[in-house]
Amino acid sequence: MAVTSTTPRPSIAPRPEPVEGSLLVWLDRIKSNYLLRRLVKAIFTVWLVTTLIFFVLRAMPGNPVDIFLQDLTASGISPEEARNQAAALLNIRLDQPIHEQYFEFIGNLLRGDLGRSYRSRGLLVSDMIAARLPWTLFSVGLSLLLSFTIGIALGTIMAYLRDSWFDHLLSNVAATLDALSQYLIGLLAILLLGVVWKAVPIQQMRGSLSPGVQPGFTLEFYGDLLGHVLVLALVYVLSTVGGWTLAMKSSTVATLGEDYVTVAKARGLSDGRIITAYVGRNATLPLFTRLAITIGFALGGAVLLEELFVYQGIGYLLVQAIRARDYPVMQGIFMVITMAVVAANLVADFAYGWLDPRIRIAGEGN
Amino acid sequence: MAAVVEVMSGTARELGKTLRLLSRNKIGFAGLLVTLLVVFMSLAGPLIWPPEQSANVADINQGPSQKHWLGTDFQGQDNLLKVISGGKEIVIIAFLAGTLTTLLAVSVGAFSAFIGGWVDGLLMEVVNVWLTIPKLPLLAILATMLKLNDVWLLAVILALIQWPGLARQVRSQILTLKKRDYVEAATMLDLGTGNIIFREMLPNMMSFITIALIFEMTHAIYQQTSLVFLGLVPFSGANWGVMIELAQRKGALFAPTAAWSLLAPSLAIILFQLALVSFARSLDEVFNPRLRTSV
């Protein structure tokens, strides 16, 4: 995302300075500050997605609020009573026009109030998510860090050994892994590793922790934690590492042709220094824009994989909520996942600006 | 109209040339053959080898044998026969959704690149926002509200969710093409926008669009089978995704003897996706002389 929006702009003739302290000055600062501009965009995106999900869930024909009301009335409650119950559970006032409901919804959201679950009565959606989110962040974060590192290493080696058997073999393996559906890799991993070859005790690895294990700074806890995430992480890594490897290879090949690499070689710098400081650092740059997309992909895939591995993260919670038609929980998780993707985008952009001073300077412009 | 006919006949000529080039690329040619085989078997196969109607209690969850090449499932039905009859919906939705996505993406991308200015900026912002929305969770939520049983409806929804990434690529492709000499010459000769798009630009983008179309088809396969896998789209019993979901629900994941009722449909999906991707990748090499030498 950063690439498209941060091409260097030609410097503009100096404009008349707006009056100090006015709104224009602030707008101008936002426009000229790269990081600030990204931040404003991120907030705007979150707002837009929130609004979208509000209207999808509230105003579409056959929307869940109507269905919920029908369910309640069908179970023998008077329409009056049903509306009151729904309003209390969903934290909305159904008598108000839609735009006032919307402002109330946004107001609640800003206070961190996501409503209460339909099915697990009385439970706050924000508490439910807070209990599950760390597991997803841990498993997805760990796996992406691993696959990013492995992908960059393999991609660099492939670029240096291009057209060797190693390169051809790995290119095909990476393209194959990249093409496979995430959940099929997961299914095959369980089936082959756990059932057919019996390499791992897959039955005991279901869930995020064994029953009875208490979180704490003990060896037992960490061992159990890693034991349960092992195959899941392997699947995340396998499904994303192919993309990283191929992207890193083509990026490194492109960088190797740059003049500054030739000059560095001519200056007699050591290979290690050229690989890390000259080639590696520049070749990794385009991958940071990919990072955000991959995180979104991994979080979306968490829905399938956590269901498959019975891992107690938000993906599994979302599947449960969808099966039970628990709309407040669905809405909350969807917003949290979107926010995570937007935040990842933002971090990737900041990292990009930090790694590549050219972006910062272009952003600060005139 | 004449321009369209011109493009069609030009495409036919290109197709012949491409096939000749492709036959030299073994992996790509194999991919094309397997794709055609899967499509043929899925559409015509069930007519030749009709699916079994009744359960065979005697042959439940067997491994591969002379009688059942891919084993049997929890009902004792032959896995191979089920795989043959389970591809039709997947192939049709993949084709429909892939085509619709590509059409939408090319239209929006081309429009955005040509019109420029603030409309272009706005459209690209929409694309950027749309790209951050997690697609699978959105699809899953939509599936609870819309009855996605209809093949067309599902294809349209998949296209609406999937188009932005490709639209951005199409836009940058057209922006690059616009700066090429022959397009600038055509612009200077004032050949008309329609003429420039259909006769100068589209023929040069055909390879790119074909490859994108194939990749969109694999995305559509991934997304629709995911929905079925989550139990959100209740398609008929004969569907690779349904086979996986049913087998899993009947505990095939933890019963070694039933492994084949999961493996068979999984391998069918993998085979189809890999065939499509290797075909697309080799098309990339056939069309792109730079890649032909460097990869």
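Taken over the alpha carbons of segment A:134-365 as equal point scatterers, the Debye sum produces base-10 log I(q)/I(0) values at 0.07, 0.09, 0.18 Å⁻¹ of -0.29, -0.47, -1.32.
If you count only protein heavy atoms with a 1.4 Å probe, what accessible area per residue comes out for segment A:238-366, rounded to a whole Å²?
It amounts to 38 Å² per residue over segment A:238-366.
Just the C-alpha atoms of segment B:118-206: what Rg/Rh do they give, with Rh taken as the Kirkwood radius? Please report the intermediate quantities before stating the final value.
Working: Rg = 17.9 Å, Rh = 15.7 Å.
We get a ratio of 1.14 for segment B:118-206.
Annotation: A:R162 carries an accessible surface of approximately 110 Å², with a 1.4 Å probe and no ligand, DNA or RNA atoms counted.
Listed here are the pairs B:K88/B:K147; B:K26/B:K88; B:K82/B:K250; A:K198/B:K82; which of them are more than 22 Å apart at the Cα? Let's see the in-between values first.
Details: B:K88/B:K147 20 Å; B:K26/B:K88 27 Å; B:K82/B:K250 16 Å; A:K198/B:K82 28 Å.
B:K26/B:K88; A:K198/B:K82, as the Cα separations exceed 22 Å there.
Based on Cα atoms of segment A:213-297, Rg over Rh with Rh as the Kirkwood radius reads 1.21. Working from label points 7 Å from Cα in the Cα-to-Cβ sense, the B:W49 to A:R111 distance is 6.3 nm. Computed over the alpha-carbon atoms, segment A:113-184 gives an Rg to Rh ratio of 1.30, Rh here being the Kirkwood radius from the mean inverse distance.
The values are calculated or read from the model by the stated rules, or taken from the named source; none is laboratory data. Computed from a predicted structure; not experimentally measured. Neighbour counts are summed over all protein chains in view; Cβ atoms, including those assigned to glycine, are modelled from backbone coordinates with ideal geometry. Just so you know, the surface numbers come from the protein's heavy atoms only, side chains and all, with ligands and any DNA or RNA stripped out. Shrake-Rupley method; radii C 1.70, N 1.55, O 1.52, S 1.80 Å.
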